[in-house]
Amino acid sequence: MAAVIKTVNLTKRYGTLVALSNLNLEINEGDCFGFIGPNGAGKTTTIKILATLLQPTWGEARVCDYVVGYQSRSIRPLIGFVPDYFGAYEDMCVQEYLEFFAAAYNINGAQRTKIVNDVLELTDLGYKKDSLVDGLSRGMKQRLSIARVLVHDPKVLLLDEPAGNLDPRARIEMRELLKELRRMGKTIVISSHILPELADLCNTVGIIEQGELLYSGPVADIVRRARAGTILHVGVARGPEQAGALLAQHPSVESVTANNGFLQVALRNGVTDYGFIAQQLISNGFQLNLLREEEVNLETAFMRLTKGMVQ
Amino acid sequence: MLGIADYFWRLIPGNPILRRVVEAGGKKKRDLFVRCGYLGLLVILVIWQVAVQTTTSDIAALSKASVSLFQNMSYLQLGLVALLSPIFTAGAITQEKDSQTYDILLSTPLTNGQIVLGSLLSRVFFVVALLISGIPIFSVTQIFGGVAIRSIIYSFLIAASTALVTGAMAMSIATFKVGTRRTIFSFYLFIVIYLVGGFFLDRMDFTHISYTDASGTATMTQTSWLTPLNPFLALQAIFHDKSYTPPLPGDLPSQYQAWPIDWMWTSPATFYFSLMFFLSIAMILPSIVLLRTMAQSSTTIQNWVLEKLHVSKGDRTRKPRVVWHNPIAWREARTKASAARASILRYGFILLGIIGAVILLVMHSTEITPAHFINASSYDPTQNSLFIDGDTQESVHLGSNLSIKYGDVDEPQTFITNPDGKYEVKDYTKDAQRQLATITLADYPRELSSADAQTWLLGLTIVEFSVILLIISNAAASTVTREKEDGTLDLLLSTPITSRYYIWGKLRGLVSFVLPLVAVPVISCFLFIAHDLFRWLARGENNFPWIVFPEALILIPAMVIIVSSFAAILGMQMSLRCRTTVRAVMSTVGIVVGACAALGWCGYGILNQTGSVNGEIGVAIGVFSPFTLLAILIDPTNYAAQAFNIGMYPNSADPTGARWVAFFLCLIALGAYSMGIWSMYRSMVKNFDMTIRKQSR
C-alpha cells in the first residue's frame, strides 16, 4: 500500500528548543494513525507541518508525494486540518461557515450548495444550519470542524485533539463519525490523549516524546512490545505469604510480589501456559479465589514506553 | 488610624495592580521608544525654532520667540497626549479580560477601589510620566523670558486632565460592559470627533455671544462656548493671543455673570481642567461602587439596549446569506457590516450625513425677502424709473448722478436694465429732496449664505471623510489579528487560498464595506451641485459662484475611495505585523490620524502661502492632501483665496485656470496614491508567508 504521508528526518527547532528531532514516519493510504505523546512532545508541530502551516527546520515531509514547503499549494486541496481549537467567525451561521470554506476550495455555484447540504447531513448538523457558529456548544463546534474539512473531500484528515474537552456523549459521537470517515477510505492522522478511544479507532499509532518518535506501527504490535512477560494476579483465601513463597520456587516464575493481600506473579519470558499455578496451590491446600492475567492495552503500553518527560 | 493609613497606602502607592504595570511598563521597549519619540519631537521643535528660526540677539525679539516656542510646544504636547492617551488607556477596556485575569482579580481580597484606581492610574501613569519628562525641555522657554510660569502650569494641567479623563472614560466603559474590543475604535473615534468637531464649531458664530465692551462697542466674543470644553481651545485661550482672548468679567452680559457661566467664559483654561478632574471623579466613583455588581451580571448594557430597541433579538440563529466566489472579500464586506452594532452605525452615519446635507441645502436655498428689493419687472425704461418693492413700494426716478453698486463694485445700470435675478436694495436712502444718491444691490439674503453653506458643507464632508477613514482603518487593522487571535487564520492558510488571493480579498472586501459610506459625502456634494446647476442654467453666467465645483463629483469619490484603500492597506500591514488587535488598531489609527493631520496642515499652509509661491502652485501641491482637496473643491474662497479669488461677483478673477490645475494634479495625486497602494500590496503579498511564519514561533 502506498505511503500517503512520509517524513524523513523531520526536525523543527524554535530557537534553541528542539520540538521535533529526526522524525521518520510512514502512514499508508486508508490508515487511521493515532499520534500519542505527552504534552509538548511535538504532536501539534508535526500535524502543523503536515498541514503546511509550519516549515521544517530540517528534513522532509511528504503528503501524497508532494513535499511540504516546495509543493504546499498542491498539498492543501488534499488535506483537511482540524486544529485543537475551534476557529469561529463572528456573525456567521453554520451554513455560511461551510459555504465560506467551500468557496475557499473554489467550490462554487450549485455544486457548493449540494456539497454543503450533503456534509451537513453526514455530520448530522442539518438542523443547526441557521445557528450562529459562535453560539454552538463545544461538541457541535467540533462536529462542525469535521464538517468543514469534508466539504472538499480531502484524502487526508489531520485532526489535532478533536475530542479534547468534549463530554462523553459528544466524544462517542465524534468517534463514530471518524469511524464512518475511515470506512469511506480517508487517511486519518489523529492526535489525542484519550488512548482507549485511539485503540478502538486507529489501526496504527505513533508514540512521540520530547520530539522523538519512540514507536510507530500497528496497535497490536505496540501492545505486544510493551508486554515484557506475562503477569498474573493471584488471590488465595488464607496465607498469601506462604502461597507466594511456594510459587516463587517454581522454575517458570520470575518473581512474586504481594500487593494488598493479592499476589502479582511475573512469569519468565516465553512462558505462556500458567495452569501450573492453580494446580500447585490447590494441591498444597490453598483455596484459590483469583487467577487473572494482567491486561496490556495501549494505555499501559504508553506508560511503559514513555518516561513522562515534557519540554 | 493606622488602618485608615494602611487603606490609603494600599489604595494607591502600595496598589499591587499599579505597581505591576508601572514596574513592567518601565522596562518595555515600546514604552522606551514612545518616550524617546515624544521627547525627540519636542527637542526637534526647540532646535528648529531657537536655532533656525530665531536669528536675532535682540532681547525683546528673543522673548517673543520664546513665547512662540512655548505655544508651539504646548500644542505639540497636547496633540501628542491626545493621540497617546487613548492608545494607552483604551487597553484598560479589554486587557484584563483578554488576559483572563479579570475574574481572578475579582476573586481576590482587593477592594473595588484598589482594582479600579490601580487600573486607571497604571494607564495614566505612562502619559503623566511623559509629561513630566518634558518639563526640562519646557524650561528652555524660561531662558529668554516672556512666558509666565502660570501659563506653563496651565498648559501641563490641561494635558494631564485630558489624559486623566480619557483614562476614566476607558475604565467606565470596561466596568459597565458597554464595550468590547470593538469599542476601542468607537472610543478613539469619539475623542477625535470631539477634538476636531469642537475646533470647527468654535469657528461658527452661533457658538459665540455678543457683548458690549468697555468702549461701548457691540462685539462678538473671540472665545466660544466650546473653549472651556475643548483642550486645544482652552490652551489657545491661555496664550493671550489678541485674536482669541476671553472676555473680561465686567464685559459679559448680565445673564452670563452667574457662577459657573462667568468662570467658563472668563477663565476657560482653569474651567477646563477643573471640569475634567471633576468628570474623571464622577466617572470613576460609580465604577468603584458597582465594579463587582456589574461583573456578576450576565448581559452587557449594549446587548440589553439592542434587544430593547429590537435591533437584536438575542437569539443565535439567522437565515444564511449567499457567499461570494471570493469568500475573504465576502467576509469583510458582508459579515462585519451586518452585525447589529455595525448596522446601526452605518445606517446612522448614512442617515445623519444625508439629513445634514439636505438641511444645509434647504437653508441655503431658502431666500429671506428683504425690506427693499427689485426684480425683472422693476425697471421702467420709458420713465427711467425703478419700482422698489417691499416695505416702501414706490417708484423712484433714476437721476444721472445716481451711483448704483453691486456689492462693492461700481456698476452701470446693467443689473437694473437686464436683471436675471432678484436683488435686495441696500443702503436705500433718500435725502431731504427725495433724490437718491446710491443704491447698493445684493442677491437676496438666504437662511444660510453661500459662504456659510460652503463652510458647513466642508465641515460636514471633512467629518464624514474622517469617520470613513477611521472606520476602514479600524476594520483593516483588526482584520488579520482577529483571525490570528480566534484561530481562523490557520484554517484559511491550510486551504488552497494563496497570500495574493487572501490580501486582495481583504482589500476588496474592506473597500466594499465602506462604499456605502463613501456615497454620503458624494451625495452631499451632489445635492449642492444639482441645485447650483439649475441656478446656473437659469442665469447662464460663465463665472458662476458654485458652492461646490462640479468636478467634485469625479474627484471626491475617487479621492475618498483611493485614500480609504490606502488606509485599508496600511491597516492590513499593521494587522499582519502586530500580534494583538488592540495594538494593531491603535497603531493604525494613530498613523492615519497623524498622517491626515500632517497632510492637512501642510496642505493648508501651502494653499495660504503668500509671496514666492503663487496660487496655482499652492493648489497643485495642496491637492495631494485629501483634506486640502476637499477645501479647494468646496470652500476655495476661504482656503485657497490666492488661486480662487472668485468672490461672488462677475468681475472677480477667473478661477478656471486654478480649477484645471486642481483637476489634473488631483488625477496625478490619485495615481501616486494608487502606486503607493500597489507597492504596499505587492510587498504584503511577498512577505506574507514570512511574517506569519515568524509569528507562529
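Read the figures in this text as sums done on the coordinates, not as results from a lab. Just so it is clear, the model here is predicted, and its values are computed rather than measured. Every residue, glycine among them, receives a Cβ derived from its backbone with ideal geometry; neighbour counts consider all protein chains shown.
For chain A, give the magnitude of the charge dipole about the Cα centre (Cβ charges: +1 Lys/Arg, -1 Asp/Glu; no others), in debye to the nearest 20.
Value, rounded to 20: 400 debye.
Gain in length, B:S133 to B:T392, computed as 0.36 nm per residue apart minus the alpha-carbon separation, to one decimal in nm?
86.2 nm
Of A:I49, B:I135, how do they rank once you tally other Cβ atoms within 10 Å and put the fewest first?
B:I135, A:I49
Which one, B:N72, B:Q142, B:V116, projects farthest toward the positive side of the charge dipole computed for segment B:2-292 from Cβ point charges (K/R +1, D/E -1)?
B:V116
Of the cross-linked pairs B:K242/B:K426; A:K141/B:K484; A:K114/A:K186; B:K64/B:K242; A:K43/A:K155; A:K43/A:K179, which ones have a Cα-Cα span greater than 25 Å in the structure shown?
B:K242/B:K426
Fewest first, what order do A:E241, A:E173, A:E209 take by the number of other Cβ atoms within 10 Å?
A:E241, A:E173, A:E209
Give the separation of the Cα centroids, segment B:478-540 to segment A:105-164, in Å.
Rounded to whole Å, the Cα centres lie 30 Å apart.
Let me make sure I get this right: for segment B:548-607, a, b and c are the square roots of the gyration tensor eigenvalues over alpha carbons, sorted descending. Under 1.5 in a/c it's rounded, otherwise prolate if a/b > b/c, else oblate. Which is it?
oblate
So what J values fall out for segment B:457-474 if you push phi through Karplus, 6.51 cos²θ - 1.76 cosθ + 1.60 with θ = phi - 60°, rounded to Hz, Gly and Pro as x?
Running phi through 6.51 cos²θ - 1.76 cosθ + 1.60 with θ = phi - 60° gives 5, 4, x, 4, 5, 5, 5, 4, 5, 4, 5, 4, 4, 5, 5, 6, 5, 5 Hz.
Consider all pairwise Cα distances in segment A:3-225 and report the whole-number % of them above 25 Å.
Of all Cα-Cα distances in segment A:3-225, 38 percent exceed 25 Å.
Order these by the 10 Å Cβ neighbour count, fewest first: A:D273, B:D443.
Going from least to most buried by this count: A:D273, B:D443.
Which value, in debye to the nearest 20, describes the size of the charge dipole of segment B:2-292 about its Cα centre when Lys and Arg Cβ atoms bear +1, Asp and Glu Cβ atoms bear -1, and nothing else is charged?
Dipole magnitude for segment B:2-292 comes out near 1080 debye.
Please list, in chain and number order, the residues 5+ apart from A:G80 or on another chain whose amide H is under 5 Å from its amide H, with Hs placed from the backbone.
A:V156, A:L157, A:L158
Mind checking which of A:G206, B:L469, B:I191 is farthest towards the positive end of the protein assembly as shown's charge dipole, using Cβ charges of +1 (Lys, Arg) and -1 (Asp, Glu) about the Cα centre?
With unit charges placed on the Cβ atoms, the residue in question is A:G206.
Return the average number of partner chain Cβ atoms within 10 angstrom of each residue Cβ along peptide A:130-137.
Average neighbour count from other chains, rounded to a whole number: 3.
Given Cβ point charges of +1 (Lys, Arg) and -1 (Asp, Glu) and nothing else, what value in debye, to the nearest 20, does the dipole of the protein assembly as shown about its Cα centre take?
3500
Check which residues have an amide H placed less than 5 Å from B:Y406's amide H, if you skip close sequence neighbours.
B:E411, B:L441
Got a sec? Which residues in segment A:160-190 would a label at A:E29 touch, if it sits 7 Å along Cα→Cβ and we count backbone N under 12 Å?
A:185-187
So what is the calculated 222 nm ellipticity per residue for the protein assembly as shown, using -39500 (n - 2.57) for each DSSP H run with n of 4 or more, over all residues, to the nearest 500 deg cm²/dmol?
-18000 deg cm²/dmol
How much length is gained on full extension from B:L279 to B:I153, taking 0.36 nm per residue of separation minus their Cα-Cα distance?
43.3 nm
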